[in-house]
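The values are calculated or read from the model by the stated rules, or taken from the named source; none is laboratory data. It should be emphasised that the depicted structure is a prediction, and the values quoted were computed from it without experimental measurement. Here Cβ is always computed from backbone atoms with ideal geometry, including for glycine, and neighbour counts include all displayed protein chains.
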Amino acid sequence: MRRRENSAGLSEVFVEFQQNGSYTKAIAIDPVSMVEVSIVGATASPRHILQQAAVRKLECVLKNKRGSAAPGRGLLA
């Protein structure tokens, strides 16, 4: 998946889907830092929705690793 560079500095993200019964796991990988995150959703969910959620989660994780997250008690999901 190619994207314009965003606030997390991502210009390219690899997304993989693993279907297992009634759920699908979406895995997003930043090829530069090799950071990987995953989310799980219903198999009936559209893949683009799972993909968007996985990429947003990756952006949040990368922001936190770079220390640019706003100070506070945690993340609001």
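Laid out as a table, the results:
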read-out: The range 16-35: number of residues that are surrounded by fewer than 14 Cβ atoms within 10 Å (Cβ to Cβ) and among the acidic types (D, E); value: 1
read-out: Candidates P31, P71 - the one that is of a type outside the set (F, W, Y), out of contact with any helix residue (DSSP H, G or I) (no Cβ under 9 Å at 6 or more places or on another chain) and modelled with pLDDT of 80 or more; value: P31
read-out: Any hit, the range 46-56, residues being modelled with pLDDT of 95 or more, closer than 18 Å to E12 by Cβ and in contact with a Leu (Cβ under 9 Å, 6 or more places away or on another chain); value: yes
read-out: Residue ID - modelled with the highest pLDDT, chosen from residues in the range 1-23 that are polar (S, T, N, Q) and assigned to a loop (DSSP other than H, G, I, E, B); value: S22
read-out: In the range 36-45, the residues that are touching a residue at least 24 places away in the same chain (Cβ under 8 Å) and either assigned to a helix (DSSP H, G or I) or within 12 Å of V15 (Cα to Cα) (or both); value: V37
read-out: Close pairs from the range 47-60: first in contact (Cβ under 8 Å) with a residue 40 or more places away in the chain and among the β-branched types (V, I, T), partner surrounded by 16 or more Cβ atoms within 10 Å (Cβ to Cβ) and outside any helix (DSSP H, G or I), Cβ under 6 Å, at least 6 apart; value: V55/V13; V55/A28
